[in-house]
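S.K.: Below you'll find the structure I mean.
The values are calculated or read from the model by the stated rules, or taken from the named source; none is laboratory data. Small disclaimer: the values here were computed from a predicted structure and weren't measured. Cβ atoms come from the backbone with ideal geometry, glycine included; neighbour counts cover every protein chain shown. Areas reflect the complete protein model, heavy atoms only, side chains present, ligands, DNA and RNA absent. Shrake-Rupley method; radii C 1.70, N 1.55, O 1.52, S 1.80 Å.
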Amino acid sequence: MNKGLKETFYHKFGEEPKLIVQSPGRVNIIGEHTDYNDGFVLPMAIDRHIRVAFRPRDDKKIKLESIGFDSDANFSINDSTYIGDWSDYVRSISWVLKKNNFDIKGWEGVMVSNIPIGAGLSSSASLLMAILKVFSVISKFPWDGMEMAKLARQAENEFLQLKSGIMDQLICSIGRVGHALLLDCRDLSLDFVTIPPNVKIIILDTVTRRELVDSKYNERVKQCALAATYFGYNSLRDISIGHFLKNKEGLDQLLLKRARHVIYENQRTIEVSEAMKDNDVNRIGRLMSESHQSLKKDYSVSSKELNIMVQIAEKEAGCFGARMTGAGFGGCAIALIDESFKEEFMRNVFNNYFLKTGIKPMIYISSPSSGVRLC
Ligand code: ADP
Ligand code: MG
């Protein structure tokens, strides 16, 4: 991938690139639909990346080609127009930096990516963090991983008008090789936990994407708020399993299911991080599979294809557990497997999913990798 990038840069600018930034995609190991309930998530950065080769400009212009995309980003840093294509992600960063009084300079470059778009591996957050890093190198301002992730979220919320939490930007920003990140979405306290050796997270893209995900998502947000109010709290995060079991009787059946998912998912997420510290891969797998059942039955955000994928994966030798990941209704599942089974696992899951659905899945093997960096 780097070769295409360097060649394109050379072809365009007549010199080798001296500066290359690399920003990862991410996957959430467990802690689904917990973020907007002030709960816990456990993502890791993956070894699929966006790479940007760049050089400074003397003026205030940004010019960026993305290999495989028709249009380029081409604008002045004083221009904060939203134009309706991918360059808005670049514009949003320039906008947020100016808004926060950073003294930013112009640059030009070429970008390439092997993060699939729209699969739930957060190519969008990866792009935001890549562009922020480029600006920080060119404009020589200091880099603080948490502060930069917050700026990217502000760009996404206010310029792009997309509702998003902080998880995606933060893991793309501060991910560590070999580690997952346990993040408390309430106070942003965090803990890096080592992913046990000799296991692999396999990403299983069902290659199905669903419409109307936003409205279903907003509906879940509302249901959680209503359930929390019933229990006398602002957030489901505050409700212990004991309190839930003692007081759930009068709660509407649907809200009860939604609340049950979130309350137990928070518990599972903490337990997975503990199991990682104990190298207890069987326990991690079991909790992942429980998470999937809960997302399917209580939270109703899985899909036929995701369920088929998880079922197929779980039957394979060497698989400790599997679950859908991301908002749901389509997209990817993940499986935790014994590394020595990876070839036959990937081959069998591909064949069995294709046999059952007629769809050829995309399967990515992935290692926990580092956050955005200059390479
Ligand atoms: P994802 O689940 O991959 O984050 P999103 O819909 O949130 O999906 O973000 C995808 C969008 O991010 C694309 O439509 C595009 O605007 C932008 N994007 C991602 N990768 C690239 C890239 N390599 N070049 C240009 N734009 C990109
Ligand atoms: Mg995204």
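S.K.: Taking the alpha-carbon centroid of each part, what is the distance from the range 258-317 to the range 177-200 in angstrom?
M.R.: Here the answer is 17 Å between Cα centres.
S.K.: A follow-up question, please. Can you tell me the order of 343-349, 158-164, 289-295, 22-28 when each peptide is scored by its average per-residue count of other Cβ atoms within 10 angstrom, highest first?
M.R.: Numbers: 343-349: 17.0, 158-164: 14.6, 289-295: 21.0, 22-28: 27.4.
My ranking of the peptides, most packed first, is 22-28, 289-295, 343-349, 158-164.
S.K.: I would also like to ask the following. I'd like the distance between the alpha-carbon centres of the range 223-247 and the range 328-375, rounded to an integer number of Å.
M.R.: 35
S.K.: Pairs Lys61/Lys105; Lys222/Lys257; Lys200/Lys296; Lys216/Lys360; Lys216/Lys297; Lys133/Lys163: which exceed 18 Å Cα-Cα? Numbers along the way, then the final one.
M.R.: Working: Lys61/Lys105 8 Å; Lys222/Lys257 14 Å; Lys200/Lys296 24 Å; Lys216/Lys360 27 Å; Lys216/Lys297 15 Å; Lys133/Lys163 22 Å.
With Cα atoms farther than 18 Å apart: Lys200/Lys296; Lys216/Lys360; Lys133/Lys163.
S.K.: Would you mind giving the average projected area, over all directions, of the Cα convex hull of the range 74-113 in nm² with one decimal?
M.R.: Details: hull surface 12.6 nm².
If I average the Cα hull's projected area over directions, I get 3.2 nm².
S.K.: Starting from the 7 Å offset along Cα-to-Cβ, what nm value, one decimal, do you get for the label separation of Lys61 and Thr194?
M.R.: Distance between the two pseudo-spin positions: 5.1 nm.
S.K.: Taking the simple approach of a point 7 Å from Cα along Cα-to-Cβ for both Leu19 and Asn101, what is their distance in nm?
M.R.: A separation of 2.4 nm, rounded to one decimal place.
S.K.: I need the calculated FRET efficiency for the pair Lys342 and Ile83, taking r as the beta carbon distance and R₀ as 45 Å, to the nearest 0.05. Let's see the in-between values first.
M.R.: Details: r = 43 Å, r/R0 = 0.95.
FRET efficiency, Lys342 to Ile83: 0.55.
S.K.: Using a 1.4 angstrom probe on heavy atoms only, work out the carbon and sulfur share of the accessible area of the chain in %. Please report the intermediate quantities before stating the final value.
M.R.: Values: 7830 of 16040 Å².
On the chain, the fraction of accessible area on carbon and sulfur atoms equals 49 percent.
S.K.: Per residue, how many Å² of accessible area does the range 2-194 show with a 1.4 Å probe?
M.R.: On the way: 7690 Å² over 193 residues.
On a per-residue basis, the range 2-194 sits at 40 Å².
S.K.: Related question: Which one, Ala130, Ser76, Val177, projects farthest toward the positive side of the charge dipole computed for the range 2-194 from Cβ point charges (K/R +1, D/E -1)?
M.R.: Ser76
S.K.: Send over a whole-number figure in Å² for the accessible area per residue of the range 199-366, probe 1.4 Å.
M.R.: Working: 7680 Å² over 168 residues.
Per-residue accessible area for the range 199-366 comes out at 46 Å².
S.K.: Name the residue, out of Leu256, Leu204, Leu245, whose mean-square fluctuation peaks in a Gaussian network model built on the chain with Cα pairs under 10 Å.
M.R.: So, out of Leu256, Leu204, Leu245, the one fluctuating most is Leu245.
S.K.: Determine by what factor the alpha-carbon radius of gyration of the range 122-172 differs from 2.2 N^0.38 Å, reporting the quotient.
M.R.: Compactness ratio reported: 1.05.
S.K.: Throw me the Rg/Rh for the chain, computed over C-alpha atoms with Kirkwood Rh, two decimals.
M.R.: 0.99
S.K.: Next question. For Glu219 and Met362, compute 0.36 nm times the residue count separating them, minus their Cα-Cα distance, and round to one decimal in nm. List each step's numbers first, then the result.
M.R.: Values: separation 143, 0.36 × 143 = 51.48 nm, distance 2.97 nm.
Full-extension gain reported as 48.5 nm.
S.K.: Given the peptides 90-99, 228-237, 68-77, arrange them by the average over their residues of other C-beta atoms within 10 Å, most packed first.
M.R.: Final packing ranking: 90-99, 228-237, 68-77.
S.K.: What relative contact order, as a whole-number percentage, does the range 199-366 give when Cα pairs under 8 Å and 6 or more residues apart are counted? Present the calculation step by step, with values, prior to reporting the outcome.
M.R.: Numbers: 256 pairs, mean separation 56.5, N = 168.
Normalised by residue count, the contact order of the range 199-366 is 34 percent.
S.K.: Can you pull the one-decimal nm distance between simple spin-label points at Asn279 and Tyr10, each 7 Å off the Cα toward Cβ?
M.R.: Placing both labels 7 Å beyond Cα along the Cβ direction yields 4.5 nm.
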